[in-house]
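To start, the structure under review is shown below, and the notes come after it.
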Amino acid sequence: MFDNICKFLAETFSTDFATWLLGESIELTELSPSELSLEPIRADALILRQSEDVVLHCEFQTEPKADIPFRMADYRLRVYRRFPNKRMQQMVIYLQQTRSERVQQTAFTLERTHHEFDVIRLWEQPTEVFLRSPGLLPFVVLSQTSDRTQVLRQVAQAIDQLPDRQAQSNITASAYVLAGLVLEKEVVGQVLRRDMMQESVTYQEIRQEGEQSKAQQIALNMIREGMALEAIARVTGLSIEQVEQLQELGE
């Protein structure tokens, strides 16, 4: 869910992300991993955007993973093979504070091969940076602050001042999800407007994911009880194929 939110924000507010991460207010378009290889690396949090001169590669992570340095090196070579004249900015952005030493890793080293990339730990970043741009508002509560509830109130006020209602809705829903990493849901719900959030495309996708997850859990329980697959599909609204896949996973 957090990966999808970050991808959505990067796609919808690409200029805000370019200003933050590249220091340039430029429009970035999507770069598909399939353009770099016939077998793109599996990376849930992968964001690739490009302009005429630069490629931006970001990976948002809630927890550090051992293969991240290799992924960064591998994608650098893939981009160089495809766009040898474009510069590339790579960064891993950690959302949630952790004691793992992996969040300090900024290089991949293998014998005589050495590749460096940038790392951003949001909890060390100044709050003001994210208050400057609409597309970055959902990250404010994850920044360096001693009062997350208060800065979330600042986010709510900033959202109310946006002229575009759809942007208000999408940013509210995104902020709601990301704030859940550091604040109780009840607190977040008291600060952010639920009526505004419910109009968001992001919110609808979250609801659909939740409903799908509930249906799958009900189907798994029914499978364990030995009910016929056709009956399970009718009750849950899942397709026969989906129920069969769940059956295989449960075996």
**OP:** Just read off the accessible area of Glu30 with the full protein assembly in place, 1.4 Å probe, to the nearest 10 Å².
**Re:** 120 Å²
**OP:** Of the listed values (1) 55; (2) 37; (3) 47, grab the one calculated as percent of Cα pairs over 27 Å apart from the structure here.
**Re:** (3)
Original post:
Of Ala156, Ala66, Ala167, which has the largest mean-square fluctuation in a 10 Å C-alpha GNM of the chain?
Top reply: Ala66
Original post:
Pulled fully out, how much extra length does the chain show between Glu248 and Ser34, if you take 0.36 nm times their separation in residues and subtract their Cα-Cα distance?
Top reply: 74.1 nm
Subject >> Probe 1.4 Å, accessible area per residue of the chain, Å² >> reply: 56 Å²
**OP:** Under 1.5 on a/c is rounded, so check that first for segment 53-102, then, if it is not, pick prolate when a/b is larger than b/c and oblate when it is not; a ≥ b ≥ c are the square roots of the alpha carbon gyration tensor eigenvalues.
**Re:** prolate
Original post:
So what J values fall out for segment 176-183 if you push phi through Karplus, 6.51 cos²θ - 1.76 cosθ + 1.60 with θ = phi - 60°, rounded to Hz, Gly and Pro as x?
Top reply: 4, 5, 5, 5, x, 6, 10, 10
**OP:** With r as the distance between the Cβ atoms of Gln104 and Glu186 and R0 = 30 Å, compute the FRET efficiency 1/(1 + (r/R0)^6) and round to 0.05.
**Re:** 0.30
Original post:
Which whole-number value in Å³ per residue fits the convex hull of the alpha carbons of segment 1-143?
Top reply: 113 Å³
Original post:
How much net charge surrounds Pro126 when only the other residues with a Cβ under 15 Å from the Cβ of Pro126 are counted, with Lys and Arg +1 and Asp and Glu -1?
Top reply: 0
**OP:** Take the Cβ-Cβ distance between Asp118 and Asp160 as r, set R0 to 41 Å, and report the resulting FRET efficiency rounded to the nearest 0.05.
**Re:** 0.80
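What does the charge count around Leu142 come to, taking other residues whose C-beta lies under 12 Å from its C-beta (Lys +1, Arg +1, Asp -1, Glu -1)?
+1
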Original post:
Out of Arg82, Arg234, Arg165, any idea which swings most in a Gaussian network model of the chain, alpha carbons joined below 10 Å?
Top reply: Arg234
Subject >> Solvent exposure, largest accessible area first (probe 1.4 Å, DNA, RNA and ligands not counted), of His114, His57 >> reply: His114, His57
**OP:** Rank Leu95, Leu162, Leu183 by mean-square fluctuation in a GNM of the chain with C-alpha springs under 10 angstrom and give only the top-ranked residue.
**Re:** Leu162
Subject >> Inter-label distance, nm, simple model (7 Å from Cα along the C-beta direction), Ile240/Arg82 >> reply: 3.9 nm
Original post:
If you count the DSSP beta bridges with both ends in the chain, what percent of them are antiparallel, to the nearest 5?
Top reply: 45 percent
Subject >> Of all accessible heavy-atom area on the chain, the percent that carbon and sulfur account for (1.4 Å) >> reply: 44 percent
Original post:
What fraction of the DSSP beta bridges in segment 31-170 is antiparallel, stated in percent and rounded to the nearest 5?
Top reply: 40 percent
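The values are calculated or read from the model by the stated rules, or taken from the named source; none is laboratory data. This is a predicted model, so every value here is computed, not measured. Methodologically, a virtual Cβ is constructed for each residue, glycine included, from the backbone with ideal geometry; neighbour enumeration extends over all protein chains shown. For the accessible areas, the whole protein counts, side chains as well, though only heavy atoms, and no ligand, DNA or RNA atoms are used. Shrake-Rupley method; radii C 1.70, N 1.55, O 1.52, S 1.80 Å.
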